[in-house]
Amino acid sequence: MTPMVRLAGVNKHFGDLHVLRDIDLEIAGGEVVVVLGPSGSGKSTLCRAINRLEPIDGGVVEIDGKELPAEGRDLAALRSDVGMVFQQFNLFAHKTILENVTLAPIKVRKVSKGEAENRARTLLDRVGIGNQASKYPAQLSGGQQQRVAIARALAMDPKVMLFDEPTSALDPEMVGEVVEVMSDLARDGMTMVVVTHEMGFARRAAHRVVFMADGEIVEDSTPDAFFQRPSSERARDFLGKILTH
Amino acid sequence: MNVLLDNLGEFGSRFLGTVELFVLSAVASLVLGTVLAAMRVSPVPAMRVAGTAYVTLLRNTPLTLVFFFFAFGFPLLEIADLSFFTLAVVSLSLYTAAFVCETVRAGITTVPPGQAEAARALGLGFGQSLSLIILPQAIRAVVPPLTSVQIALLKNTTVAAGFSVVEAGGIYQVLSERGYSTLVGLLWVALGFVILITPLTLLQRSLERRWSASSGGAVKAGAR
Ligand SMILES: Nc1ncnc2c1ncn2[C@@H]1O[C@H](COP(=O)(O)OP(=O)(O)O)[C@@H](O)[C@H]1O
Ligand SMILES: [Mg+2]
């Protein structure tokens, strides 16, 4: 079967810094992959390389068997099949919650306004924000904004969802509500790549854990295997640091 | 007072010329300046180079030289036979567009980069990201300095007097030919410009007030 996401020989430099080193990664449809690793190891860059938000120096990125071109109109179209959720939410500040969710379906997918709004309301209900549709992003809490950001991405019916530390900018009491929405998505069979420090989510919802260090994928295993029997020194070191506090 | 009343027709037709010059050049420079700003932030390197070259050239050329080029150089090219008025509009528009471009571009940089990233991640193209997400948020930062650019344009219309365009800056010549006091005449012209500029300033203030009272106010009130 064609993998939903395929990266082959992906390399990326920031100046002299080699941020992604020969990354090969295949993710099957419906698979939930949690990416772990120390700060600066290239997790965000990997995530952004998957929808080519970050240009890469070499290698192939395929979504559902189609190679993503480097730029242009075709890239925009293929990119709309990949949903992305950012650490800082990045909701459109001048648009209402409803408009945030309907904008891309109307402008990119050419869905009618009425249809887009119906779908948006369903999605907002699903993430528990149904009654705030006419507010502006800054009137919502961080946890609420992040749930809207998830609904906004889902409105495009993406084949894959990328999450780059979706709970890192949240106050602790709001982490749970966002993790819950993500866990529901995982249960519904969404293909997900999740960069996170939420070990609970990694243990419960992930099918695979990918551990990165210095721009390389050092381990790629099941959550159980990774947390109980990490095979590399770097992973043991990393786990020792995050699980002790 | 006589200077004004005796020559009311002259003042009227010439200030009308000023207003026409201004309105046409303002619209053209806003459109062209925004297109240039889009070029300067475009992902296509050739566009960025062209935009930068245009702005560098026009911003560093005295307006009078731009006028000279279009009034005397352009006709030699024999592309089209345009009136001095049209050439004045072209000169003012091209010159002012460079300043509009830089103002809009500065406004674009006030919008957090995450906004454009989110737009791109959803599959919006460059033009859509710019027109639907970036520019609407940049406009608050852009309007006050843009009004100043347009006020400068209004005053710059007087340069056209030197190129036989009928506008207010040339009134003193007529007055001195008719034997009136040029000084008093010029004071009336200055007053005329104050009257023309006032609505621009008022418009600027009312837009600023409206924005801080509408969604912007709600955004501030709701911010944590
Ligand atoms: N835009 C950029 N310009 C230069 N260096 C960058 C840029 N983005 C990230 N880096 C560097 O690339 C490395 C990997 O960054 P990142 O992918 O954000 O790591 P992580 O998400 O794992 O913390 C870091 O050393 C970071 O400083
Ligand atoms: Mg990161």
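The values are calculated or read from the model by the stated rules, or taken from the named source; none is laboratory data. Since this is a predicted model, take the numbers as computed values, not measurements. Cβ atoms come from the backbone with ideal geometry, glycine included; neighbour counts cover every protein chain shown. Each accessible area value is taken on the protein alone, full model and side chains, heavy atoms only, with ligands, DNA and RNA left out. Shrake-Rupley method; radii C 1.70, N 1.55, O 1.52, S 1.80 Å.
Of the candidates B:165, B:174, the single residue that is touching an Asp or Glu at 6+ places or on another chain (Cβ under 6 Å) and either in a helix (DSSP H, G or I) or surrounded by 15 or more Cβ atoms within 10 Å (Cβ to Cβ) (or both) is B:174. Working only within region B:23-51, note down all residues that are within 20 Å of residue B:198 (Cβ to Cβ) and either open to solvent by less than 30 Å² (accessible area, probe 1.4 Å) or touching a Pro at 6+ places or on another chain (Cβ under 9 Å) (or both). Once the filter is applied, which keeps residues that are within 20 Å of residue B:198 (Cβ to Cβ) and either open to solvent by less than 30 Å² (accessible area, probe 1.4 Å) or touching a Pro at 6+ places or on another chain (Cβ under 9 Å) (or both), region B:23-51 yields B:25, B:26.
For region B:150-162, the set of residues classified as touching a residue at least 60 places away in the same chain (Cβ under 8 Å) and crowded, with 19+ Cβ neighbours inside 10 Å consists of B:150, B:153, B:154, B:156, B:157, B:159, B:160, listed by residue number. Anything in region A:28-55 that is under 11 Å from the mean Cα position of the chain (by Cα) and either assigned to a strand (DSSP E or B) or away from ligand 2 (no atom under 14 Å from the Cβ) (or both)? List them, or say none. The answer is A:32, A:33, A:34, A:35, A:51.
Confirm whether residue A:103 is within 23 Å of residue A:48 (Cα to Cα), within 21 Å of the chain's Cα centre (by Cα), part of a loop (DSSP other than H, G, I, E, B) and aliphatic (A, V, I, L, M). Judged against the criteria, residue A:103 is not a match. Consider residue A:183 carefully, then state whether it is under 16 Å from residue A:90 (Cα atoms) and either within 16 Å of ligand 2 (Cβ to nearest atom) or open to solvent by 10 Å² or more (accessible area, probe 1.4 Å) (or both). Spelling it out, it is not the case that residue A:183 is under 16 Å from residue A:90 (Cα atoms) and either within 16 Å of ligand 2 (Cβ to nearest atom) or open to solvent by 10 Å² or more (accessible area, probe 1.4 Å) (or both). Of all the numbered requirements in (1) at pLDDT 95 or above; (2) within 14 Å of another protein chain (Cβ to nearest Cβ); (3) part of a helix (DSSP H, G or I), residue A:185 misses one, and that requirement is (2).
Considering region A:162-173, and only residues there that are within 11 Å of chain B (Cβ to nearest Cβ) and either assigned to a helix (DSSP H, G or I) or surrounded by 19 or more Cβ atoms within 10 Å (Cβ to Cβ) (or both), the residue that is nearest to ligand 1 (Cβ to nearest atom) turns out to be A:164. Checking the condition in a helix (DSSP H, G or I), open to solvent by less than 30 Å² (accessible area, probe 1.4 Å) and within 14 Å of chain A (Cβ to nearest Cβ), which residue from B:107, B:127, B:192 passes? Step by step, each of B:107, B:127, B:192 is checked, and only B:107 is in a helix (DSSP H, G or I), open to solvent by less than 30 Å² (accessible area, probe 1.4 Å) and within 14 Å of chain A (Cβ to nearest Cβ). Summed over region A:84-100, the residues that are open to solvent by less than 30 Å² (accessible area, probe 1.4 Å), more than 8 Å from chain B (Cβ to nearest Cβ) and more than 23 Å from residue B:139 (Cβ to Cβ) give a count of 1. Among the residues making up region A:6-44, those that are on the phi > 0 side of the Ramachandran plot and within 14 Å of ligand 1 (Cβ to nearest atom) are A:15, A:37, A:40, A:42.
With the structure loaded, tell me whether residue A:166 is away from ligand 2 (no atom under 16 Å from the Cβ), within 30 Å of residue A:57 (Cβ to Cβ) and under 12 Å from the mean Cα position of the chain (by Cα) or whether it fails that test. Criteria not met by residue A:166.
When B:69, B:11 are checked against the criterion of being part of a helix (DSSP H, G or I) and surrounded by fewer than 17 Cβ atoms within 10 Å (Cβ to Cβ), B:69 stands alone in meeting it. Any residue in region A:42-59 that is closer than 30 Å to residue A:139 by Cβ and open to solvent by 20 Å² or more (accessible area, probe 1.4 Å)? The answer is yes; a qualifying residue exists. For region A:193-204, the set of residues classified as touching a Leu at 6+ places or on another chain (Cβ under 9 Å) and part of a helix (DSSP H, G or I) consists of A:199, A:202, listed by residue number.
Taking the criterion of being away from chain B (no Cβ under 13 Å) and crowded, with 17+ Cβ neighbours inside 10 Å, the residues of region A:60-83 that qualify are A:61, A:62. Filtered by the rule that a residue be more than 19 Å from residue B:23 (Cβ to Cβ), open to solvent by 60 Å² or more (accessible area, probe 1.4 Å) and part of a loop (DSSP other than H, G, I, E, B), region B:72-98 gives B:77, B:78, B:79, B:81. Total residues in region A:107-161 satisfying the condition of being over 26 Å from residue A:50 (Cα atoms), of a type in the set (Gly, Ala, Ser) and not in a helix (DSSP H, G or I): the figure is 5. For beta carbons closer than 6 Å, sequence separation of 6+ or different chains, a first residue in region A:27-43 that is among the polar types (S, T, N, Q) and a second that is crowded, with 22+ Cβ neighbours inside 10 Å, the qualifying pairs are A:41/A:212.
Restricting to region A:186-221, and then to whatever is farther than 15 Å from residue A:154 by Cβ and basic (Lys, Arg), can you tell me which residue is surrounded by the most Cβ atoms within 10 Å (Cβ to Cβ)? Among them, the one singled out is A:208.
Look at region A:223-245: where a residue is in a helix (DSSP H, G or I), no partner that is surrounded by fewer than 10 Cβ atoms within 10 Å (Cβ to Cβ) sits 6+ places away or on another chain with Cβ atoms under 8 Å.
So that you can scan it fast, the table gives a plain yes or no per residue for (1) open to solvent by 10 Å² or more (accessible area, probe 1.4 Å); (2) more than 8 Å from chain B (Cβ to nearest Cβ):
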| site | (1), (2) |
| --- | --- |
| A:106 | yes, yes |
| A:120 | no, yes |
| A:125 | yes, yes |
| A:130 | yes, yes |
| A:138 | yes, no |
| A:145 | yes, yes |
| A:150 | no, yes |
| A:153 | no, no |
| A:156 | no, no |
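Please verify whether region A:64-71 includes one or more residues that are of a type outside the set (Asp, Glu), within 12 Å of ligand 1 (Cβ to nearest atom) and more than 11 Å from residue A:5 (Cα to Cα). No; the residues of region A:64-71 include none that is of a type outside the set (Asp, Glu), within 12 Å of ligand 1 (Cβ to nearest atom) and more than 11 Å from residue A:5 (Cα to Cα).
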